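Step one of this worksheet: look at the structure below.
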Amino acid sequence: MPLTAHWKIDAGIIALWNITESQDELLEFAKLSEKEKQQLGIVQHPSKRLQSIASRALIKKQFSNFDPAPEILLDKNRKPYIANSNVNISISHTKNTAACIFHFNKQVGIDIEYCNRNIDDIKHKFLSEDELVSLEKTIDKNNFLYTSWCCKESLYKAFGGNGIGLREHISVSYSDSKLQTGTGEINFNNSRTLYDIFTRKIDNLIVSWAIEK
């Protein structure tokens, strides 16, 4: 179970895991409850199922001293949470990598994406008109696109989904030229929620997380 990264943040932790185990090995480590197995049962695609199990195993590794092991469930919007706990969590997975974040005080979200294709043709699905203007002023357009997409996904997860759109309701502004820090804003149902956003790049993997202000 090789950890790619393990970062302490504020009142929590971010962890990334390179998935090399088989499904049986992951199931042995994750020790899923019957309810966890039931919720995972709807994931039919083999690689997605493997990633889903790995992300839960990764969270349980962070709480390995808990007895019994934490039960990781999904709410009606499919936002993960730890049963009978006030700890806030978020998970993400893609290809052979799983990621998690947890925070003891604030709502959080995390997203990871490999920058291995051109996503210019779908930019209108997640960038606002103002963000499209900013894109045209940017030298590294693909980095801007992937970072913005990843940040918005992490904000979506921190908020809990529930009908919000990446383009319509979520905006991102960066505070440095490398796009590593900034502010995320969600305007939905006459309510405004602000988040601190952060990004890091590991080779061609972008990691973004959002922490509610």
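The values are calculated or read from the model by the stated rules, or taken from the named source; none is laboratory data. Keep in mind that this is a model prediction, so the values were computed, not measured. Using ideal geometry, Cβ is built from the backbone for each residue, glycine included, and neighbour counts are taken over all protein chains shown.
The set of residues in the range 148-172 being of a type in the set (S, T, N, Q) and touching a helix residue (DSSP H, G or I) at 6+ places or on another chain (Cβ under 9 Å) consists of Ser148, Ser171.
A Cβ distance below 7 Å, combined with a sequence gap of six or more or placement on separate chains, defines the contacts here; from the range 97-120, residues that are in contact (Cβ under 8 Å) with a residue 60 or more places away in the chain reach residues that are among the acidic types (Asp, Glu) in the pairs His103/Asp10; Lys106/Glu212; Gln107/Glu212; Asp111/Glu153. Listed here are the strands (runs of 3 or more DSSP E) enclosed by the range 59-169 that have at least 3 residues being surrounded by 17 or more Cβ atoms within 10 Å (Cβ to Cβ) and either of a type outside the set (A, V, I, L, M, F, W, C) or on the phi > 0 side of the Ramachandran plot (or both): 88-94, 108-114.
Within the range 33-58, take every residue that is within 19 Å of Ser92 (Cβ to Cβ) and not in a helix (DSSP H, G or I) and give me the one that is modelled with the lowest pLDDT. Step by step, filter the range 33-58, then rank; the result is Ile42.
Within the range 172-180, does at least one residue satisfy the condition of being touching a residue at least 12 places away in the same chain (Cβ under 8 Å), in a helix (DSSP H, G or I) and surrounded by fewer than 17 Cβ atoms within 10 Å (Cβ to Cβ)? Within the range 172-180 (the criterion being touching a residue at least 12 places away in the same chain (Cβ under 8 Å), in a helix (DSSP H, G or I) and surrounded by fewer than 17 Cβ atoms within 10 Å (Cβ to Cβ)), the answer is no, since none of the residues qualifies. Which count do you get for residues in the range 1-24 that are surrounded by 15 or more Cβ atoms within 10 Å (Cβ to Cβ) and either over 25 Å from Trp209 (Cβ atoms) or of a type in the set (Asp, Glu) (or both)? Of the residues in the range 1-24, 1 are surrounded by 15 or more Cβ atoms within 10 Å (Cβ to Cβ) and either over 25 Å from Trp209 (Cβ atoms) or of a type in the set (Asp, Glu) (or both).
Of all residues in the range 190-213, those satisfying the criterion of being of a type outside the set (D, E, K, R), under 18 Å from Gly161 (Cβ atoms) and within 15 Å of the chain's Cα centre (by Cα) are Tyr195, Ile197, Ser208, Trp209, Ala210, Ile211.
Can you spot a residue in the range 147-169 that is under 16 Å from the mean Cα position of the chain (by Cα), β-branched (Val, Ile, Thr) and more than 22 Å from Lys106 (Cα to Cα)? Yes, because at least one residue in the range 147-169 is under 16 Å from the mean Cα position of the chain (by Cα), β-branched (Val, Ile, Thr) and more than 22 Å from Lys106 (Cα to Cα).
Identify all residues within the range 48-82 that are of a type in the set (Gly, Ala, Ser) and touching a residue at least 24 places away in the same chain (Cβ under 8 Å); write none if there are none.
Step one: list which residues in the range 48-82 are of a type in the set (Gly, Ala, Ser), which gives 52, 54-55, 57, 64, 69.
Across the range 48-82, the qualifying residues are Ser52, Ala54, Ser55, Ala57, Ala69.
Of all residues in the range 31-46, those being without any contact (Cβ under 8 Å) to a residue 24 or more places away in the chain and surrounded by fewer than 17 Cβ atoms within 10 Å (Cβ to Cβ) number 9. No other residue among Asn162, Asn84, Asn142, Asn88 is in contact with a His (Cβ under 9 Å, 6 or more places away or on another chain) and not aliphatic (A, V, I, L, M) apart from Asn88.
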